[in-house]
Amino acid sequence: METTLSNGLKYRRILLKLSGEALAQENGFGIDPNCVRAIAQRIKQVREMNVDVAVVIGAGNLWRGRVGQNSGMDPATADYMGMLATVMNALALMDALESMNVVTRVQSAIEMHSVAEPYIRRRAIRHLEKGRVVILGGGTGNPYFTTDTAAALRATELKCDVLIKATKVDGVYDSDPKKNPNARRFEHITYMDALNQRLAVMDSTALSLCMDNKMPILVLNLWDETALIRALKGEPVGTLVSD
């Protein structure tokens with residue numbers, strides 16, 4: 001049964017999972033300041049609705065561990081490089097948010113005191129309670145885990161109401177909508193069906209973690225300027241993955 005908060009919103013605290021490519025230039029690499037500002041503006045709008053916001057960002061715009069592994073690099077080393085790249089993205093987004101007067105903290109699972117706080121769960125929760133945006137870099141701090149898994153873990157630890165996976169498509173489809181014009185979009189799908197059908201929602205570890213902890217996942221198009229706001233109001237947007 002769906003519930004609505006006293007302020008008319010469906011969610012009080014969200015974790016927003018962004019891919020590194022969301023910050024990228026047109027070629028899919030690097031950091032485009034215009035894209036970063038656009039994302040920061042979306043987050044600012046959410047904060048102005050008094051919704052707590054935690055963010056996990058990938059690193060595909062700066063480094064892909066699979067590329068390193070394919071060239072013979074040690075897998076753990078390649079993953080650690082990716083974790084460091086997520087902190088670079090986190091700092092870029094923090095700078096854009098603070099230029100808009102949104103108080104922001106970056107926490108990293110890999111300690112680097114000069115640029116970010118260490119990730120401490122209770123401190124992160126306190127920041128959220130004070131209305132600060134918390135950007136969580138460094139993945140889980142361990143190799144062999146994706147930022148999808150980091151997002152599932154942090155969403156659970158920080159007692160978020162939903163994990164919102166922001167993409168460039170408007171939900172989860174039964175096949176690639178770019179290749180199949182008849183691809184069907186799901187409005188709702190269960191965790192188990194998403195796992196069994198190997199749908200491109202999140203990796204299996206992240207999906208299983210969300211399933212075990214009953215953390216709903218909402219997949220939506222961040223580049224639709226109204227999608228995130230409508231989702232917070234409980235309107236049917238994107239694809240909901242839950243029990």
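Data for the structure
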quantity: Positions within the range 189-218 being more than 24 Å from Tyr144 (Cβ to Cβ) and surrounded by 15 or more Cβ atoms within 10 Å (Cβ to Cβ), in sequence order; calculated: Ile189, Pro216, Leu218
quantity: Asn27 vs. criteria touching a residue at least 24 places away in the same chain (Cβ under 8 Å) and either under 22 Å from Ser114 (Cβ atoms) or assigned to a loop (DSSP other than H, G, I, E, B) (or both); calculated: no
quantity: Of all residues making up the range 46-79, the number that are closer than 15 Å to Glu21 by Cα and free of Cβ contacts under 8 Å to residues at least 60 places away in the same chain; calculated: 6
quantity: Selection count, the range 29-49, where residues are surrounded by fewer than 21 Cβ atoms within 10 Å (Cβ to Cβ), within 24 Å of Phe145 (Cβ to Cβ) and not aromatic (Phe, Trp, Tyr); calculated: 1
quantity: Unique match (being under 30 Å from Arg198 (Cβ atoms), of a type in the set (A, V, I, L, M, F, W, C) and in a helix (DSSP H, G or I)) among Ala150, Ala96, Ala124; calculated: Ala150
quantity: Considering residues of the range 50-90 that are polar (S, T, N, Q) and assigned to a helix (DSSP H, G or I) only, the residue surrounded by the fewest Cβ atoms within 10 Å (Cβ to Cβ); calculated: Asn70
quantity: Selected residue [under 25 Å from Ile217 (Cβ atoms), over 14 Å from the mean Cα position of the chain (by Cα) and at pLDDT below 95] from Arg66, Arg47; calculated: Arg66
quantity: One residue from Ala96, Ala92, Ala78 being closer than 23 Å to Asn27 by Cβ, modelled with pLDDT under 95, touching a helix residue (DSSP H, G or I) at 6+ places or on another chain (Cβ under 6 Å) and of a type in the set (A, V, I, L, M); calculated: Ala78
quantity: Among (1) surrounded by 23 or more Cβ atoms within 10 Å (Cβ to Cβ); (2) of a type in the set (Lys, Arg); (3) in contact with a His (Cβ under 7 Å, 6 or more places away or on another chain), the one test that Arg105 misses; calculated: (1)
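Results for (1) touching a residue at least 24 places away in the same chain (Cβ under 8 Å); (2) under 22 Å from Val46 (Cβ atoms); (3) among the hydrophobic types (A, V, I, L, M, F, W, C), shown as yes or no for each residue.
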{"site": "Met81", "(1), (2), (3)": "no, no, yes"}
{"site": "Glu98", "(1), (2), (3)": "no, yes, no"}
{"site": "Ala124", "(1), (2), (3)": "yes, yes, yes"}
{"site": "Gly131", "(1), (2), (3)": "yes, yes, no"}
{"site": "Ile135", "(1), (2), (3)": "yes, yes, yes"}
{"site": "Gly141", "(1), (2), (3)": "yes, no, no"}
{"site": "Thr147", "(1), (2), (3)": "yes, yes, no"}
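The values are calculated or read from the model by the stated rules, or taken from the named source; none is laboratory data. Computed from a predicted model, the values in this text were never measured in an experiment. FYI the Cβ positions are ideal-geometry reconstructions off the backbone, even for glycines, and counts take in every protein chain you see.
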